[in-house]
1. Can you work out ³J(HN,Hα) from phi for every residue in the stretch 379-390, in order, using Karplus 6.51 cos²θ - 1.76 cosθ + 1.60 and θ = phi - 60°, giving whole Hz and x for Gly and Pro?
2. Tell me, what % of the accessible area of the chain is carbon and sulfur with a 1.4 angstrom probe?
3. If each DSSP helix of 4+ residues adds -39,500 (n - 2.57) and the sum is divided by the residues in the chain, what number results at 222 nm, nearest 500 deg cm²/dmol?
4. Taking the Cβ of Gly166 as the center, what net charge do the other residues with Cβ under 13 Å away carry, scoring Lys and Arg +1 and Asp and Glu -1?
5. Determine the percent antiparallel among the DSSP beta bridges restricted to the chain, to the nearest 5.
6. Over 15 Å, how big is the tail of the calculated P(r) for the stretch 63-122, in percent of all Cα pairs?
7. For the stretch 203-352, which semi-axes, largest first and in whole Å, follow from the square roots of 5 times the eigenvalues of its Cα gyration tensor?
8. Got a sec? What order do Trp264, Trp303 fall in by accessible area at 1.4 Å, biggest, i.e. largest, first?
Amino acid sequence: MKNYDLIVIGGGPMGLATAYQASLRGKKTLVLEQFGFLNNQGSSAGASRQFRLQYAEKYMAELALASQDFWSQLQRYSQHTLVERCGSLWFGDPKLSSQEGGIEAAENVMKTLNIPFRKLSAANIEKEFSFKDLPPTYTGFFQPDGGIINLKATEEVLYNQCLASGLVDLFAWQKVTGLNNDVENEILVSTECEEYQCSKLAITTGPYVNNVMEKLDLKVPIDIWQMSSAYFKKTDPNLYLPTWFVFQEQQSTSLFYGFPEVDWSHPGYLRVATDFPDHGIIKNPSQRSLAPSSKSLALDSQWVNQHMQGLEATPHFTSTCLIALSEDPAKELLLDYLPKEKTNNKNIVVYSAGWAGKFIPILGDMINQMLYEDITEFNYRGYQIALKNFSINWK
Ligand code: BEZ
């Protein structure tokens with residue numbers, strides 16, 4: 001049987017970041033991925049994510065601030081810009097809040113933490129950023145440190161750094177079929193091909209988390225849904241936008257967000273996405289449809305036609321991605337040890353849900369700190385961020 005210090009189940013960006021950070025600690029690590037690496041089957045599907053510092057919760061903004069040090073560290077190993085700092089524009093109904101945040105609450109946190117931002121009226125937003133016909137009651141802000149994450153370049157650099165360390169084995173197409181945690185410090189992980197042993201285990205399978213947790217008679221309370229994106233061709237060559245997010249409550253399906261044009265994904269097109277379940281909430285990724293719903297695409301086109309300029313009216317390309325969010329909307333990210341009554345509880349860490357693209361590199365460190373330092377809070381840049389903020393209400 002092959003023996004490792006750490007086994008990571010789930011080879012998406014969080015799993016790769018965990019393995020990379022473990023390699024920096026000199027740990028012999030195995031990553032088991034049920035599909036191929038860099039796949040589009042989970043939460044990391046697609047080419048880009050938004051980076052932002054603004055959060056409605058102070059501890060999340062602190063984590064975002066601290067994550068920048070980890071992005072800078074990783075950037076040294078990539079020839080691509082991992083986070084393009086084009087700024088982040090939030091606008092809409094200032095009183096609304098959602099699992100993505102809320103304008104007023106985020107402004108208050110930015111003031112407390114001295115994060116710079118510029119307040120904008122609906123008229124300013126139309127003038128500066130070429131949106132049109134916004135309700136005059138809308139307000140917003142521009143935060144210059146926000147930006148766009150090159151997701152595939154991020155995964156690639158983590159993958160390559162794992163390989164370059166000489167300490168990490170990366171095994172694709174190895175679905176976990178069994179877990180045995182009965183003996184303290186001797187966790188057994190089986191796949192169809194092999195059995196492995198480790199003293200520490202990280203489970204980073206995103207929306208697939210409960211397929212693994214059922215082997216330990218546990219369930220993480222998450223909602224899973226498919227989100228769709230549409231790419232609209234630019235008709236105005238001078239159109240340039242930061243990353244943006246609009247909070248509105250005209251219908252139940254009312255959140256949209258978008259990205260600037262980037263040279264690494266559909267150059268000449270702008271991505272606009274609907275931030276709501278495409279085909280409703282599902283409980284298992286196998287129930288996903290893969291194709292975007294015509295309703296989402298129609299709402300996307302409607303928003304673009306009503307409120308944007310310099311784009312064609314109908315999208316040319318589409319993509320979808322799986323979203324896993326905590327069932328409890330107060331929880332932004334789910335990251336915890338196994339419950340106390342389980343053997344090896346402090347040797348097994350589970351990360352699953354949340355809008356977490358911007359935390360990829362720091363999450364790898366957080367998971368390692370939990371496994372190797374038995375902590376109750378993270379200390380970054382002098383901010384104390386309690387682990388209980390991310391605790392899982394196990395089912
Ligand atoms: C976020 O920044 O967390 C986010 C951005 C777009 C869609 C959903 C979430």
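1. 10, 10, 6, x, 8, 9, 10, 6, 4, 5, 4, 10
2. For the chain, the apolar C and S fraction of the accessible surface comes to 48 percent.
3. Calculated at 222 nm, the ellipticity per residue is -7500 deg cm²/dmol.
4. Values: positive: Lys27, Lys28; negative: Asp169.
So the environment of Gly166 carries a net charge of +1.
5. Rounded to the nearest five, the antiparallel share is 70 percent.
6. More than 15 Å apart: 63 percent of the Cα pairs in the stretch 63-122.
7. Equivalent ellipsoid semi-axes, largest first: 36, 15, 14 Å.
8. In descending accessible area the options line up as Trp264, Trp303.
The values are calculated or read from the model by the stated rules, or taken from the named source; none is laboratory data. Here the structure is a predicted model, which means the values were calculated and not measured. Glycine also receives a Cβ, built like all others from the backbone with ideal geometry; neighbour counts cover every protein chain displayed. Heads up: the accessible areas ignore ligands, DNA and RNA and are worked out on the full protein's heavy atoms, side chains in. Shrake-Rupley method; radii C 1.70, N 1.55, O 1.52, S 1.80 Å.
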